[in-house]
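Please read the structure below before turning to the comments.
Just so you know, all these numbers are worked out from the coordinates, no wet-lab data involved. Not measured: the values here are computed from a predicted model. As a convention, Cβ positions derive from the backbone with ideal geometry for all residues, glycine included, and neighbour counts pool all protein chains shown.
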Amino acid sequence: MSRARRRLLLFLAVLGPGVIVMVADNDAGGITTYTVTGAKYGMHLLWFLILLGPVAYYVQEMTVRLGAVTKRGHAEAIFRAFGRFWGWFSLLDLVLTDWLTMITEFVGMTAAMSIFHIPPLLTVVCCWLIMGAMILTGRYWTWEKIALLFCAINLIYIPAAFLVHPTLHDLLYNSFVPHFPPGGFTNDLFFLLMANVGTTIAPWMLFFQQSSVVDKGLVEKDVKFGKLDTGFGAVLTVVVAVVLIIVCGQLLNGATVDDAAAAATQIMPTSRVIGTLIAIGLFDAGLLGAICISLASSWAFGEVFGWAHSLNKKVKEAPWFYAYYFFDLLLAGTVVLIPRAPLVLITLFVQVIATTLLPPALVFLILLLNDKKTMGARVNTRWQNIVNISIVLVIIVLSTLYGISAVFPNLFGNQ
Amino acid sequence: MNFFKALIDGVREVNRKYAKPEVETTLFVRICLLSLRIYLIALVGLMIFKFITTWKK
């Protein structure tokens, strides 16, 4: 076997956690943010979305190294390194954030399927069955292959971009020349930029990818391919975001859009095919997000309480791990079915609570990656520290402003 | 009852197991952890302020 072929096979074997977490990052909330951005500012912010790709890569790459070196998930690593106060804070905040985010995923899925006249109850029950069946296979690899299939479905938006025929000049100019849309830097624009940053880096992603790396059994020598996997995933996440902005920028430019399902409905009269693609993509995004988020919480609980917590275990071998997964799933799905549930308030809560968790999680990540006792030879280099600390500081400032502006909408002016 | 007893025992065990932080407490680490505490206190303070002002209205 040639060296190149062997390396390709190795990469394909390692491929998984990075691609899954990055594509799942474009969850129902993410898809909504991109459609609103495209509808409001056309393609003018493509360059900003492209910049967020490397940002997501640098942050997530740290979890690959941490997981492969320590063989511990993120929750356990925080408990071990920073003690019980920060450990409980991170775990409980993660659980609450994840549960609320799961609700928003179910909201996205039911909204997408209602476009095809499928009642919410049927959508929720089907999602429970799909998500339940996925993890009951008793093998991490089987679960991963199914999740990768859902990642591939997430690319359904790409053909839509070809159908709207953007000009090459507009595409290149908006992608590679940083500029503000006509009207300049306004409060609305600032809020949307923060929303895009907020949807690119979420606390659950750190916990999910590190636990996933551990459950898959990646070790130090796999770090190189793990980084490639994450880089490949970052490219996919940017492609999906860019494509959605192109589509909505071309078809809905200037229109007021509240969410992705509304965007799909508004596009239907112009192009039934594109509207349908957006609705299917939204459902897939919500499903993928819900799968990963519920697993992130289950892994975190298992790590901290010392329960068996692997997808390679059967239900009777890891009962608490699976029980928590199903509990999370059932609870989130049920809330969506409650008539007049405060879903807008829940979406607001997600932004606020994520703001309290993201900065500590990112700071802990930097500190752990600088702890020689923990990381050994894989400790952050000076260059990695310069890049990572700069990124983390910018994310903390923007996500904090985003969280605060969600609670005090008039603080930075009218939106 | 057994479930809650097991849960409390589990929490106690976690608290005992992770009582002592293992990270090397350099000046940088201390500054970061202190900054995080201040950040969280400020954020929670803002939320309480928002709650009280909304409630008074």
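Hey, what angle do you get for helix A:74-114 against the long axis of chain A, alpha-carbon based, 0 to 90 degrees rounded to 10? For A:74-114 against chain A, the angle is about 40 degrees. Taking chain A as the reference, fit the longest principal axis to its C-alpha atoms, fit the long axis of helix A:203-216 to the helix C-alpha atoms, and give the angle between the two in degrees, 0 to 90, nearest 10. With rounding to tens, the tilt is 50 degrees. Each Lys and Arg Cβ is given +1 and each Asp and Glu Cβ -1; about its Cα centre, the stretch A:3-407 then shows a dipole of about 1420 debye.
Legend: mean number of C-beta atoms from other chains within 10 angstrom of residue C-beta atoms, peptide B:14-21, equals 6.
A Förster radius of 45 Å combined with the Cβ-Cβ distance from A:ILE130 to A:GLU220 puts the calculated FRET efficiency at roughly 0.80. Averaged over the residues of B:35-43, the number of partner chain Cβ atoms lying within 10 Å of the residue Cβ comes to 4. As a rough footprinting exposure proxy, the listed residues A:LEU252, A:LEU244 were ranked by other beta carbons within 10 Å of their own, and the order from fewest upward is A:LEU252, A:LEU244. Per residue, the average separation of C-alpha pairs within less than 8 Å and at least 6 apart gives chain A a relative contact order of 36 percent. On the basis of the beta-carbon distance and an R0 of 41 Å, A:LEU149 and B:ILE52 show a calculated FRET efficiency of 0.25.
Legend: ranking of residues A:ASP328, B:ASP9, A:ASP170 from fewest to most surrounding C-beta atoms inside 10 Å; resulting order B:ASP9, A:ASP170, A:ASP328. Between the helical axis of A:140-153 and the longest alpha-carbon principal axis of chain A there is an angle of about 10 degrees.
Considering only alpha-carbon pairs that sit under 8 angstrom and 6 or more positions apart, the relative contact order computed for the stretch A:40-163 is 8 percent. Going from the residue with the fewest nearby Cβ atoms within 10 Å to the one with the most, A:HIS165, A:HIS44, A:HIS74, A:HIS179 rank A:HIS165, A:HIS179, A:HIS44, A:HIS74. Under a 5 Å amide H cut-off, with hydrogens placed 1.01 Å from N, A:ARG72 pairs with nothing among residues at least 5 apart or on other chains.
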